[in-house]
Amino acid sequence: TQLLEQSPQFLSIQEGENLTVYCNSSSVFSSLQWYRQEPGEGPVLLVTVVTGGEVKKLKRLTFQFGDARKDSSLHITAAQPGDTGLYLCAGALNQAGTALIFGKGTTLSVSS
Amino acid sequence: ETGVTQTPRHLVMGMTNKKSLKCEQHLGHNAMYWYKQSAKKPLELMFVYSLEERVENNSVPSRFSPECPNSSHLFLHLHTLQPEDSALYLCASSDGQTSGNTIYFGEGSWLTVV
């Protein structure tokens, strides 16, 4: 069974703090995607990383793909209440992306 | 606006009912998906259609029946469901042709089976 382990499962922090979410697997992925989902809505794509070692930045969010393309991290700097939500990572096992496995998600709560 | 629209957003049905979920994508993609999202579980892939042909069915019970009449539309027909089928059903689409292929989700259909 191919698994994508995501940690931590829950994170509750104060506004202004930094945090990192991790996504780990024994499988090699052709690409990895990060999504953010708010209650009652579908996941919204944040970023796709393709190349081992790749780093992408989206304002206060920094995404890194491991050199071996088996793991990834999401770092948020100076978290804000608007960052609250469920963060999901998903690894593509084939080029077409039709074999996509998801982690269980990290529920982030940022209080002011 | 994500480019993938699902209807209805909420559905309550009895175990003997027959209903359908509808999905439409406006992104020009050639692959469409149904996922199931339950509490405390990872997103579960149910069906994949590529170029209107089903390419993957992850051993989903036959009480769920997908239909893909064209590359823009996807249905999930529901009949004689069980209470444990209550969940958020997410439709998604992707290009399916390019490296780094990305899946785009709809807002989901909340299903409650009573």
Point to revise | Leading residue by the ranking (modelled with the lowest pLDDT) among those in the stretch B:73-101 that are surrounded by fewer than 19 Cβ atoms within 10 Å (Cβ to Cβ) and facing chain A (nearest Cβ under 10 Å) | key: B:Ser99
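Collect the residues in the stretch B:2-47 that are in a loop (DSSP other than H, G, I, E, B) and closer than 12 Å to B:Ala87 by Cβ, keeping them in residue-number order.
Narrowing the stretch B:2-47 to residues in a loop (DSSP other than H, G, I, E, B): B:2-3, B:8-9, B:14-17, B:26-30, B:38-43.
Within the stretch B:2-47, B:Ser38, B:Ala39, B:Lys40, B:Lys41, B:Leu43 meet the criteria.
What residue, among those in the stretch B:36-58 that are touching a Cys at 6+ places or on another chain (Cβ under 9 Å) and among the acidic types (Asp, Glu), is least open to solvent (accessible area, probe 1.4 Å)?
From the stretch B:36-58, those touching a Cys at 6+ places or on another chain (Cβ under 9 Å) are B:47, B:49, B:52-54; that's our starting set.
Now restrict to residues that are among the acidic types (Asp, Glu): B:52-53.
Values: B:Glu52: 87, B:Glu53: 126 Å².
For the stretch B:36-58, the residue satisfying everything is B:Glu52.
How many residues does the stretch A:20-55 contain that are more than 12 Å from the chain's Cα centre (by Cα) and either assigned to a loop (DSSP other than H, G, I, E, B) or surrounded by 14 or more Cβ atoms within 10 Å (Cβ to Cβ) (or both)?
Number of matching residues: 17.
When the stretch A:65-83 is examined, which residues are found to be among the β-branched types (Val, Ile, Thr) and either buried (at least 17 other Cβ atoms within 10 Å of the Cβ) or in contact with a helix residue (DSSP H, G or I) (Cβ under 8 Å, 6 or more places away or on another chain) (or both)?
Quick first cut of the stretch A:65-83, residues among the β-branched types (Val, Ile, Thr) only: A:76-77.
Residue satisfying the conditions is A:Ile76 alone.
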**Study point:** Residues (touching a strand residue (DSSP E or B) at 6+ places or on another chain (Cβ under 6 Å) and closer than 16 Å to A:Leu19 by Cβ) located in the stretch A:46-57
**Key:** A:Leu46
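Restricting attention to the stretch A:66-90, report how many residues are more than 11 Å from chain B (Cβ to nearest Cβ) and part of a strand (DSSP E or B). Spell out the reasoning first.
As a first pass, look at the stretch A:66-90 and keep what is more than 11 Å from chain B (Cβ to nearest Cβ): A:66-85, A:87.
Then drop every residue that is not part of a strand (DSSP E or B), which leaves A:71-76, A:85, A:87.
Of the residues in the stretch A:66-90, 8 are more than 11 Å from chain B (Cβ to nearest Cβ) and part of a strand (DSSP E or B).
When the stretch B:59-72 is examined, which residues are found to be surrounded by 13 or more Cβ atoms within 10 Å (Cβ to Cβ) and more than 23 Å from B:Lys41 (Cβ to Cβ)? Let's see the steps before the verdict.
Just the residues of the stretch B:59-72 that are surrounded by 13 or more Cβ atoms within 10 Å (Cβ to Cβ), to begin with: B:60, B:63-68, B:71-72.
B:Glu67, B:Cys68, B:Ser71, B:Ser72, listed by residue number.
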Review point. Out of the stretch A:86-106, which residues are open to solvent by 10 Å² or more (accessible area, probe 1.4 Å) and modelled with pLDDT of 95 or more?
Key: A:Leu86
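The values are calculated or read from the model by the stated rules, or taken from the named source; none is laboratory data. Model, not experiment: these values are computed from the prediction. We place every Cβ from the backbone using ideal geometry, glycine too, and count neighbours over all the protein chains shown. Ligands, DNA and RNA are stripped out before the accessible areas are found, and what is left, the full protein with its side chains, is counted by its heavy atoms. Shrake-Rupley method; radii C 1.70, N 1.55, O 1.52, S 1.80 Å.
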